[in-house]
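The values are calculated or read from the model by the stated rules, or taken from the named source; none is laboratory data. In this text the structure is predicted, and so the values were computed from the model without any measurement. Please note: Cβ atoms are built from the backbone with ideal geometry, for glycine as well, and neighbour counts cover all protein chains shown.
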């Protein structure tokens with residue numbers, strides 16, 4: 001019975017570590033998304049800016065759009 005208890009505890013700890021690792025991966029993915037703005041085209045960036053209700057997006061250049069989108073995050 002005691003061995004069973006230890007096995008269950010170990011499984012619980014393993015699941016806990018796995019969940020923490022997945023959360024960290026999620027945070028890293030969010031960081032990657034920020035830097036991925038440069039890979040998008042201007043029309044894609046303008047569409048995102050429109051969805052986020054950023055004023056004046058239609059006349060912005062790519063770098064300005066990226067900065068505005070980052071500020072909106």
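Right, residue 54: part of a helix (DSSP H, G or I), out of contact with any strand residue (DSSP E or B) (no Cβ under 7 Å at 6 or more places or on another chain) and surrounded by 17 or more Cβ atoms within 10 Å (Cβ to Cβ) or not?
Details: part of a helix (DSSP H, G or I): no; out of contact with any strand residue (DSSP E or B) (no Cβ under 7 Å at 6 or more places or on another chain): yes; surrounded by 17 or more Cβ atoms within 10 Å (Cβ to Cβ): yes.
No; evaluated as a whole, the condition is false for this residue.
Is the stretch 32-39 home to any residue that is in contact with a helix residue (DSSP H, G or I) (Cβ under 9 Å, 6 or more places away or on another chain) and at pLDDT 70 or above?
Of all residues in the stretch 32-39, those in contact with a helix residue (DSSP H, G or I) (Cβ under 9 Å, 6 or more places away or on another chain) come to 34, 37-38.
Cutting the leftovers down to at pLDDT 70 or above gives us 37-38.
Scanning the stretch 32-39 turns up at least one residue that is in contact with a helix residue (DSSP H, G or I) (Cβ under 9 Å, 6 or more places away or on another chain) and at pLDDT 70 or above.
In the stretch 34-51, which residues are exposed (fewer than 11 other Cβ atoms within 10 Å of the Cβ) and farther than 16 Å from residue 73 by Cβ?
Across the stretch 34-51, the qualifying residues are 39, 41, 43.
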